[in-house]
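**Student:** Sharing a structure below in structure tokens format, with a few things to ask.
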Amino acid sequence: MTTQVPDSRTGAAPAPTGPLSRIDYSEKIPNNVNLAEDRRLQRALEGWQPKFLDWWKTLGPQLPTKDVYLRTAIAVGRDGWAHFDHVPMEDYRWGIFLAENDPDKTITFGKHKGEPVWTEVPGEHRADLMRLIVIQGDTEPASVAQQRVLGETAPSIYDMRNLFQVNVEEGRHLWAMVYLLHAYFGREGRDEAEQLLKRNSGDLDAPRILGAFNEETTDWLQFFMFTYFTDRDGKYQLGTLKESAFDPLARTCEFMLKEEAHHMFVGTTGVQRTVQRTAEVTAEKGSPAGFDDGVIPLEVIQKYLNFQFSVSMDLFGSEQSTNAGNYYSSGLKGRWQETRRKDDHVLLDDVRTMTVVDGGELQEKEVPMLSALNLDLRDEYVADCANGVRRWNQELEDRGLAERLVLPHEGFNRKVGAYAQHHLSPEGHVLTDAEWDAAKDGWLPSEDDRRAVAALMVPEYEYGKFAGWISPPQSGINDQPVEFDYVHLAEEGLV
Ligand code: BYC
């Protein structure tokens, strides 16, 4: 592998290799969008770049590191799109990559179905498209800031590397949205790009747009639940934007999905290894293991699951949404796996059922399909979420334990949509306010639970060693051993 001479601001990057690579690493901003041919856009992005780097220094990972074994996107083809090497994090080459262009591509749904995809923003959809891109862009830096202190309590160097990989790629996804704002939305787009660096997770005056991105990521169990449940919302939202008639957005999201898969791997296996460790200790001692045994009790893992699942369900918006119907009909946002659906892809005459709370009970009602597309996507998401839970339960079954983790009811702990004005138990019973208040600490992490989990979060910085509350993974990253030196910390002597 050859590296280029580091630029003072962007640092070294791996040179592209192989015939698939079309990403130009000679640019300050690696890209496959011919940035060099558009001086105005290039200058605008080069103006944003130092602001991003300042933001990264202030709100990116707090733990000082020398370098990290990171995956960098170097191509957009099917194979060999990524390169792994030790890179100082601030020198990571955040670039702009769109999936391959298909000149014959047509719109697959809505009232423009069958027409060629758009390479420019149609005037009548400008505001809606910008809103979707801003909402997507807003989540990316939010998650980095939410996770900024976790390096200090990493259960292993392997896990720390995965955290930083997720962080740099969320940074790249911010770049992806900022490119679209700069390239297609003029001054307004540039203003929005600035705002993406100014809003801050949990800030009372300038919060992040969506609820889950203002919650604190208090500890590593929360991080694993976040990457399992909340990154999975990202997968499904990107999956619908990948169908967009606005082709630059579609191609951007398609490429982002490649990186997203690893983020969910981190969540799935992180929770799995936590459950595994608790199950092992429980099986050894013959009774439920808990904080006194140095592991996270299963009921607390269930509470964390309940919390992150419910706040992630809110990210889908209201079950009935005219916004969602309009986005679909106009071709801005499709359905999950739109082209595999066996219907007319216009949906004007279609209906479906949804659950509502009526007279203190759950009732089914029929609604126009077009108005219920947030629910359609959310149903796909819930089915996917259930797969991980099955996998986690396998750890319990394998050790002969009877306990099981479950997804709570869709109406549990909701702040957005049809259930927002009601309290439901995880089993789906409608509760009075008093019943909810009396029971909620048994379903959601209490302050005491969070404190007890935090007390277990002691850093383990020795290569190949793992904190006592979590099992080691089965294999390392990119065929490296588990005990590989994935991160070199800045402080001498720590590793
Ligand atoms: N919190 O018609 P409605 C990711 C607002 S995650 C606060 O029901 P719509 C990632 C809504 O804005 C994926 N407010 O909703 C994961 C609207 O406000 P206005 C992010 C909310 O528009 C991990 C009002 O309520 N991408 O990538 O149909 C790490 C009524 O809205 C919330 C996207 O979300 C909420 N949870 O659907 C890193 C894709 N929900 O306009 C990254 C782009 C709704 O009346 N966004 N509201 O003031 C969209 O497609 C849609 O905007 C939404 C909402 C699905 C979010």
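**Student:** Name the residue farthest towards the positive end of the dipole of the chain from the options 286, 256, 408, assuming +1 on Cβ of Lys and Arg, -1 on Cβ of Asp and Glu, about the Cα centre.
**Tutor:** Looking along the dipole axis, the top candidate is 256.
**Student:** Separation of segment 458-475 and segment 119-148 by C-alpha centroid, Å?
**Tutor:** 36
**Student:** Next question. Ignoring ligands and nucleic acids, what accessible area does residue 336 show with a 1.4 Å probe (Å², nearest 10)?
**Tutor:** Its heavy atoms expose roughly 40 Å² to the probe.
**Student:** A follow-up question, please. Determine the percent antiparallel among the DSSP beta bridges restricted to the chain, to the nearest 5.
**Tutor:** In the chain, DSSP labels about 90 percent of beta bridges as antiparallel.
**Student:** Let me ask something else about it. Identify, among 331, 490, 357, the residue whose Cα sits farthest towards the positive end of the charge dipole of the chain, taking +1 on the Cβ of Lys and Arg and -1 on the Cβ of Asp and Glu, with the dipole about the Cα centre.
**Tutor:** 331
**Student:** A follow-up question, please. Can you work out the Karplus-derived ³J(HN,Hα) for every residue in segment 110-121? Use 6.51 cos²θ - 1.76 cosθ + 1.60 with θ = phi - 60°, whole Hz, and x for glycine or proline.
**Tutor:** For segment 110-121, the Karplus curve yields x, 6, 9, 3, x, 7, x, 5, 8, 9, 10, 7 Hz.
**Student:** How many nm is it between the label spots at residue 285 and residue 343, if each spot is 7 Å from the Cα in line with the beta carbon?
**Tutor:** 5.1
**Student:** Mind checking the dipole of segment 35-489: about its Cα centre, +1 per Lys or Arg Cβ, -1 per Asp or Glu Cβ, Debye to the nearest 20?
**Tutor:** The dipole magnitude comes to about 880 debye.
**Student:** For segment 35-489, just say rounded, prolate or oblate: build the C-alpha gyration tensor, square-root its eigenvalues into a ≥ b ≥ c, call rounded for a/c under 1.5, and beyond that prolate if a/b exceeds b/c, oblate if not.
**Tutor:** Numbers: a/c = 1.81, a/b = 1.15, b/c = 1.57.
Since a/c reaches 1.5 but b/c is at least a/b, the shape of segment 35-489 is classed as oblate.
**Student:** Ordering 278, 353 by accessible area with a probe of 1.4 Å, largest first, what comes out? List each step's numbers first, then the result.
**Tutor:** On the way: 278 0, 353 70 Å².
Heavy-atom accessible area, descending, gives 353, 278.
**Student:** For residue 362 and residue 115, what is the calculated FRET efficiency with R₀ set at 41 Å and r taken between the beta-carbons, to the nearest 0.05?
**Tutor:** Plugging the Cβ-Cβ distance into 1/(1 + (r/R0)^6) gives 0.50.
**Student:** Can you give the FRET efficiency for residue 82 and residue 483, using 1/(1 + (r/R0)^6), R0 = 25 Å, r = Cβ-Cβ distance, to the nearest 0.05?
**Tutor:** For R0 = 25 Å, the calculated efficiency reads 0.65.
**Student:** Using a 1.4 Å probe on the protein heavy atoms only, what accessible surface does residue 345 show? Give it in Å² to the nearest 10.
**Tutor:** Rounded to the nearest 10, the figure is 20 Å².
**Student:** For the pair residue 432 and residue 322, how long in nm is the line joining their label points, each one 7 Å along Cα→Cβ?
**Tutor:** Those two pseudo-labels are separated by 3.7 nm.
**Student:** In terms of Cα to Cα distance under 22 Å, which lysines are near enough to residue 365, apart from those fewer than 8 places away along the same chain?
**Tutor:** 415
**Student:** Could you pull the accessible area for residue 135 with a 1.4 Å probe, rounded to 10 Å²?
**Tutor:** Residue 135 exposes around 40 Å² with every protein chain in place.
**Student:** Before anything else, pin down the relative contact order of the chain: Cα pairs under 8 Å, at least 6 apart, normalised by residue count, whole percent. Numbers along the way, then the final one.
**Tutor:** Values: 851 pairs, mean separation 88.7, N = 495.
Relative contact order, the chain: 18 percent.
**Student:** Here's another thing I want to ask about it. So, with a 1.4 angstrom probe, what is the percent of accessible area on segment 35-489 that is carbon and sulfur?
**Tutor:** Looking at segment 35-489 in its full context, I get 47 percent from C and S.
**Student:** On to the next question. In what sequence, largest accessible area first, do 291, 224 appear using a 1.4 Å probe?
**Tutor:** Details: 291 60, 224 0 Å².
Largest to smallest exposure gives the sequence 291, 224.
**Student:** Taking the Cβ of residue 187 as the centre, find all other residues whose Cβ is under 13 Å away and add up their charges (Lys, Arg: +1; Asp, Glu: -1).
**Tutor:** Here the charged neighbours net out to -1.
**Student:** Roughly how many whole Å is it from the C-alpha centroid of segment 284-351 to that of segment 52-94?
**Tutor:** Distance between centres, Cα-based: 29 Å.
**Student:** Sticking with this structure for a sec: Once you list every other residue whose beta carbon is under 13 Å from the beta carbon of residue 259, what net charge do they have if Lys and Arg are +1 and Asp and Glu are -1?
**Tutor:** Spelling it out: positives minus negatives among the neighbours equals -2.
**Student:** Continuing with the same structure: Calculate, for residue 43 and residue 448, the FRET efficiency according to 1/(1 + (r/R0)^6) with r their C-beta to C-beta distance and R0 41 Å; round to the nearest 0.05.
**Tutor:** That pair, residue 43 with residue 448, gives E of 0.15.
**Student:** Using only helices, what value at 222 nm comes out for the chain when you add -39,500 (n - 2.57) per DSSP H run of length 4 or more and divide by the total residues, to the nearest 500 deg cm²/dmol? Provide the component values of the computation, followed by the final result.
**Tutor:** Values: 12 runs with 205 residues, N = 495.
Only helices count here, giving -14000 deg cm²/dmol.
**Student:** Sticking with this one: Students sometimes get this wrong: rank 369, 313 by accessible area, probe 1.4 Å, all chains present, largest first.
**Tutor:** 369, 313
**Student:** Further, regarding this structure: Within segment 249-289, find all residues whose amide N lies under 20 Å from a label point positioned 7 Å from the Cα of residue 458 along Cα-to-beta-carbon.
**Tutor:** Only 274-275, 277-282, 289 pass the distance filter.
The values are calculated or read from the model by the stated rules, or taken from the named source; none is laboratory data. All of these numbers come straight from a predicted model, not from anything done at the bench. Note that we place each Cβ from the backbone using ideal geometry, even for glycine, and neighbour counts take in every protein chain shown. Just the protein is used for accessible areas: all its heavy atoms, side chains included, with ligands, DNA and RNA removed. Shrake-Rupley method; radii C 1.70, N 1.55, O 1.52, S 1.80 Å.
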